[in-house]
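Okay, so here's the structure we're looking at.
FYI, it's all coordinate maths here, none of it is from the lab. Values in this document were obtained by computation on a predicted structure and should not be read as measured data. Backbone-built Cβ (ideal geometry, glycine too); neighbour counts: all protein chains shown.
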Amino acid sequence: MPASPSPDVQGISSWLDAATPWQADNGVLVQTIAERQRPDYLLAALAAELRESRFPKDLFDECAEILGLEHSAQLVRSVTPTNPNMRRGYFGEMIAARCLQEFDGCWILVQKPSFAITPNQSLPGTDVLAACVDNGQITSLIITEAKVRTARDRNVLLRAAQQAISDSQNEYAPMIGFVLRRLYESDKEAFGLFLDYLNRRRVGTADDFQYVYLVLERGAWAAHDVSDLDEICPLPSGFRVSVVEIENLAQLVGQSYAWIGMVVDEHDDE
């Protein structure tokens, strides 16, 4: 079935607290997500999730049996981003995906970062494609654009919203075909559910929604920023902005990637 959190990764709901969305005057749904006290396991959990999106644990374990731990660790490092901007971008997509899973109960249809060939490759298309599911049926797709900022950027929300809406204007945007092909290759059950959804959307009995996730340094967000979206109103029905505020965000991103090596080295004790 579609991607779920790595089995050795602790959930983020004990670290982040999602408030009930409220509706702004222009119709935008706004959800704020704030830090609780950071649990002791946080860096290891974030590192494991970042590693999982590039080089899954099961793959690492099989490689380690044949190639040995050090050579398998080299493989992980070969696909781990080194560019600071790329690291932040993939970190933001990971946070958005985990929030959609844990707070909204969504499926993540494909782990997009796993298809990067080079460590600092920027992949085109929708950042995160999630599915809302009820009684084993996909009821809607969530087209998600994620942005990370470690300093205040008043324009980031408008740019992200424009991108999310643009991704939705083409009924068969490239990301739809990409996900369809990946599910056909790897998960025929999920492929059937996704194809059934696309058919229901075609005849007008199912709808997509657009979300923006802003992963920001604490204090870099102001509630009135949502008024910047007035220039692209009317916005699509159900449009939501989720703001994740994290203290010392740049440091946390750097530490999380530094921990990837430690997570790999933990296999020495197994």
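Structural remarks
- Cα centroid separation, region 73-87 to region 188-219 (Å): 29
- Radius of gyration (Cα atoms) of region 12-106, expressed as a multiple of 2.2 N^0.38 Å: 1.38.
- The ranking of Asp167, Asp104 from fewest to most other beta carbons within 10 Å of each one's beta carbon is Asp104, Asp167.
- Ranked for footprinting exposure by Cβ neighbours inside 10 Å, fewest first, His224, His71 give His224, His71.
- Gain in span if fully extended, Arg159 to Trp22, counting 0.36 nm per residue against the direct Cα distance: 47.2 nm
- Across the chain, the relative contact order, built from alpha-carbon pairs under 8 Å that are at least six residues apart, equals 26 percent.
- The phi torsions of region 34-45, fed into the Karplus equation with coefficients 6.51, -1.76 and 1.60 and a -60° offset, translate into couplings of 10, 6, 8, 5, 6, x, 4, 7, 4, 4, 5, 5 Hz, rounded to whole numbers, with Gly and Pro shown as x.
- Hydrodynamic radius by Kirkwood, which averages 1/r over all alpha carbon pairs of region 215-256, in angstrom: 12.2
- Computed on the chain, the Cα convex hull volume stands at 130 Å³ per residue.
- Residue order for Ser13, Ser72, Ser237, fewest other beta carbons within 10 angstrom first, comes to Ser237, Ser13, Ser72.
- Over region 117-207, volume per residue of the alpha carbon convex hull, in Å³: 128
- The average projected area of region 44-95, computed from the convex hull of its Cα atoms over all directions, is 3.6 nm².
- Gain on full extension, evaluated as 0.36 nm per residue between Ser13 and Arg152 minus their Cα-Cα distance, stands at 47.5 nm.
- Once backbone amide H atoms are built at 1.01 Å from N, Val28 has no partners under 5 Å, excluding neighbours fewer than 5 places away on the same chain.
- Eigenvalues of the alpha-carbon gyration tensor of region 111-158, scaled by 5 and square-rooted, set the equivalent ellipsoid semi-axes at 26, 19, 8 angstrom, largest first.
- Cα principal axis extents for region 173-251, largest first, Å: 44, 36, 17
- Principal axis extents of the C-alpha atoms in region 36-183 (largest first, rounded to whole Å): 47, 39, 32.
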